[in-house]
Amino acid sequence: MDGRPDYSENLLVHFRRVEELKKEAVKHPSHNLSTRQLCDLELLLNRGFFPLVGYMNQTDYESVLDNMRLANNAVWPIPICLDIKEELAQSLTQGQPLVLRDGEGFLLAVLEVENIWKPDKRREALAVFGTDNPERHPGVRNLFENTEEWYVGGKLEGIHLPIHYDFKELRLTPSDTHRRFAENGWKNVIGFHTEKPLHCAHREMTLRAAREVGASIFIQPTVDLDHPGDVNYYTQVWCYLEIIKKYPRNMISLGLIPLATRKAGPREALWQAVVRKNYGCTHFMVENDHGDPLDGSDSEERFYKRHLAQELVQEYETETGVTMVSLRKMVYVEDKGEYISHDEIEPGMRVKEISSNELRRRLELGLHIPEWFSYPEIVTELNRAYPPRSKQGFTIFFTGLSGSGKSTVAKVLVTKFMEMRNRPVTLLDGDIVRRNLSSELDFSKEHRNLNITRIGFVASEITKNRGIAICAPIAPYRESRRRNRELISRYGGYIEVFVATPLEVCEQRDRKGIYSKARAGIMKGVTGIDDPYEAPGNPDVVLDTSELTPEEATQEVLLYLEEQGYIQ
């Protein structure tokens, strides 16, 4: 791992070889890469993941889990494997080419299959994340729920980097950054990893860290995990373009990196340090909770013990060739009118801070954001992405048993919003969606979850474009409802309404006759009878239509929306 990557071994092949690969590709099986897989592929091909020359084989994978090293002893703490469906895995043989394409089918690379294996995901979770509980760690949840059951490893021949149409001048490869730093005469460069907009405190933190070691600063935000139409992504990049104007011009550079973060705490920090070394950084800023899944929360609780990430990166400095620099938290002291390190606070000082959640609250409620916290230009950009709640889109997601009254209340609610005329409104009723979007699906758990995922995607698009989506499926499983909340909350409001009408009341209504058929054994898989309904643990609104009329139930929802600032 010493020295620079050898760019003579670039994984993008010569144009004559490209033509050969394209001709041969039609004969071989292919795999369309997910968003996360595209991020990994790009960093493999551009040598951001040096010394890897492809997806890890099983030997390297096992070594990384056990020792945070590749089989050749090079430091590497995170598995980089290509996960595929079982059907494809069973069709592959060693030495066979596997064609890799993007979501639209564009040919990007060819993988020479070296190993195909079914990993022990629990073992991987315990090694990488320190837990196998998906409820405690989003990285484990992603591994268990969104990663296929089979891995394939082998060397890559790159045909084309993943295609990007935005911010091309900021999408620097390792060879680009090495060249830029050399042209600037920068001997020492300190890398800064970020996933959120930066404010005054971040400027002070990074400047102090850079001056301590006599280095220029390379700010490298992660990109490309969001949906291409996600306004938050573009807003963040524009915020970065504004913040670098606040630094001395001769010591700052900005570049984007398509890094699919794992939130693996200490291992994550060490991995990011190795990657930044490949981009030409001699130093790397590490926070005391770097890579922690609870980073950014208002609570002091963290999943990993504080400072472990800093200690691990420092432990491997000699081997990785990148020096760890502690990033110290800065706070604003009103008496002095300046930022100081958190450990420099003295008794009697009036300290001011605004957390990430408080910032979001102020944006949503249209409250003032002081200039000591952030620059006006950045606040302007954020206001474009996060309008006050009264101007945001939102989704109202009804869930409950068949016959509970979901659809009736939803229809009444639609008429109320139509009367208000301040936002477009769309009703996504369970039966209507089944008929028009999911007619090919059955009522297995897998297909029920897929149906709810489809509803969530449509609702997220409506919410993102500042409309109102009203969803009224049964949605019996917590897993799919949680995914929808996570997706839609990125774009606007998400209000879960649990219609908790008792089963016996629903059976008495039985307008569709499904309960009587289920009791008679004619129909199987009926929610509440022979298929479970997992009640929400913490819904925003609870309704029981055995005690409320549709108009009264609708009023309960409207009152909640008014209290939360979504309607006025």
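Which of the residues belonging to region 138-190 are open to solvent by 60 Å² or more (accessible area, probe 1.4 Å) and under 25 Å from Trp238 (Cβ atoms)? Ile163, Tyr165, Lys168, Glu169, Arg180, Asn184 - these are the residues of region 138-190 that are open to solvent by 60 Å² or more (accessible area, probe 1.4 Å) and under 25 Å from Trp238 (Cβ atoms). Restricting attention to region 423-452, the residues that are among the hydroxyl-bearing types (Ser, Thr, Tyr) and loosely packed, with under 15 Cβ neighbours inside 10 Å add up to 2. When region 518-559 is filtered for residues that are touching a Lys or Arg at 6+ places or on another chain (Cβ under 8 Å), open to solvent by less than 30 Å² (accessible area, probe 1.4 Å) and more than 15 Å from Ile495 (Cβ to Cβ), the ones remaining, listed by number, are Ala518, Val526.
How many residues, within region 173-197, are of a type in the set (A, V, I, L, M) and modelled with pLDDT under 95? Selection size over region 173-197: 0.
The set of residues from region 463-504 being touching a helix residue (DSSP H, G or I) at 6+ places or on another chain (Cβ under 8 Å), part of a loop (DSSP other than H, G, I, E, B) and open to solvent by 20 Å² or more (accessible area, probe 1.4 Å) comprises Arg466, Ile474, Arg490, Tyr491. Residue check: Tyr515 meets all listed conditions (1) open to solvent by less than 30 Å² (accessible area, probe 1.4 Å); (2) modelled with pLDDT under 95; (3) part of a loop (DSSP other than H, G, I, E, B); (4) not basic (Lys, Arg) but one, namely (3).
Taking the criterion of being open to solvent by 40 Å² or more (accessible area, probe 1.4 Å), at negative phi and without any contact (Cβ under 8 Å) to a residue 12 or more places away in the chain, would at least one residue in region 230-240 satisfy it? No; the residues of region 230-240 include none that is open to solvent by 40 Å² or more (accessible area, probe 1.4 Å), at negative phi and without any contact (Cβ under 8 Å) to a residue 12 or more places away in the chain.
Quick check on region 19-41: of everything there that is open to solvent by less than 20 Å² (accessible area, probe 1.4 Å) and part of a helix (DSSP H, G or I), which residue is nearest to Asn146 (Cα to Cα)? Top of the filtered list is Gln37. For region 50-83, the candidate set comprises residues that are under 20 Å from the mean Cα position of the chain (by Cα) and in contact (Cβ under 8 Å) with a residue 60 or more places away in the chain; within that set, the residue that is farthest from Leu100 (Cα to Cα) is Ile78. Tell me, which residue of region 313-325 that is in contact with a strand residue (DSSP E or B) (Cβ under 6 Å, 6 or more places away or on another chain) and outside any helix (DSSP H, G or I) is surrounded by the most Cβ atoms within 10 Å (Cβ to Cβ)? Per the criteria, the residue is Val322. Here Glu507 fits the description: charged (D, E, K, R) and in contact with a helix residue (DSSP H, G or I) (Cβ under 6 Å, 6 or more places away or on another chain). Checked against (1) of a type outside the set (A, V, I, L, M, F, W, C); (2) surrounded by 20 or more Cβ atoms within 10 Å (Cβ to Cβ); (3) more than 27 Å from the chain's Cα centre (by Cα), Gln310 meets all criteria but (3). Arg328 meets all of the listed conditions (1) open to solvent by 70 Å² or more (accessible area, probe 1.4 Å); (2) assigned to a strand (DSSP E or B) but one, namely (2).
The values are calculated or read from the model by the stated rules, or taken from the named source; none is laboratory data. From a predicted model like this one, the values you see are computed outputs, not experimental measurements. Neighbour counts are summed over all protein chains in view; Cβ atoms, including those assigned to glycine, are modelled from backbone coordinates with ideal geometry. Areas reflect the complete protein model, heavy atoms only, side chains present, ligands, DNA and RNA absent. Shrake-Rupley method; radii C 1.70, N 1.55, O 1.52, S 1.80 Å.
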